[in-house]
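Trainee: One structure is given below, represented as structure tokens, and several questions about it will come after.
The values are calculated or read from the model by the stated rules, or taken from the named source; none is laboratory data. Because the structure is a prediction, the values reported are computed rather than measured. Neighbour counts are summed over all protein chains in view; Cβ atoms, including those assigned to glycine, are modelled from backbone coordinates with ideal geometry. Please note that ligands, DNA and RNA were not included when accessible areas were found on the heavy atoms of the full protein model with its side chains. Shrake-Rupley method; radii C 1.70, N 1.55, O 1.52, S 1.80 Å.
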Amino acid sequence: MLDNVDAALESAISSHESGDLLIAGEKYLEILKAEPNHPDANHNFGLLTVTLGEPSIAIQFLKTAIESNPTVTEYWVSVINTLIEVEDAENAKIALEKAKELGHTGEVFDKLESNMMLLQQKDLEVEAS
């Protein structure tokens, strides 16, 4: 059992930032074993998973972070970016709409919307050919 989640999270983030992804991943998973809905651990583990080339796996962790704390703009940006990366325009659009409903706005969301629209346009072109 994990005694101090905050200390474990700081240690995981430190490992993540220094590039020790294996150790960071193990620490994030240790936190998630103790607190499966921990928003920062889910978000950071999702980002780590994207870095490791597994964006499809990351999406569930990023969504859990949002479900646990929908007020954090960074969580929304990460999940929408990842959905665009895996070319899931439909779910990216849904997430963007939900983020805006909750008051998340600004240049970053305008850019995400533009990227999502480009993806949708690409999808339409593929369907037409």
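Trainee: Residue check: is Lys111 surrounded by fewer than 17 Cβ atoms within 10 Å (Cβ to Cβ) and of a type in the set (Lys, Arg)?
Mentor: Judged against the criteria, Lys111 is a match.
Trainee: Pick from the stretch 1-39 the residues that are within 19 Å of Val72 (Cβ to Cβ) and more than 19 Å from the chain's Cα centre (by Cα): which of them is surrounded by the fewest Cβ atoms within 10 Å (Cβ to Cβ)?
Mentor: Residue satisfying both the conditions and the ranking: Asp6.
Trainee: Under the condition of being among the acidic types (Asp, Glu) and more than 24 Å from Ser114 (Cα to Cα), which residue from the stretch 40-88 is least open to solvent (accessible area, probe 1.4 Å)?
Mentor: Result: Asp40.
Trainee: Give the residues of the stretch 92-105 that are open to solvent by less than 60 Å² (accessible area, probe 1.4 Å) and free of Cβ contacts under 8 Å to residues at least 12 places away in the same chain, sorted by residue number. Full working, then the answer.
Mentor: Restricting attention to the stretch 92-105, the residues satisfying the condition of being open to solvent by less than 60 Å² (accessible area, probe 1.4 Å) are 92, 95-96, 99, 103-104.
Within the stretch 92-105, Gly103 is the sole residue that qualifies.
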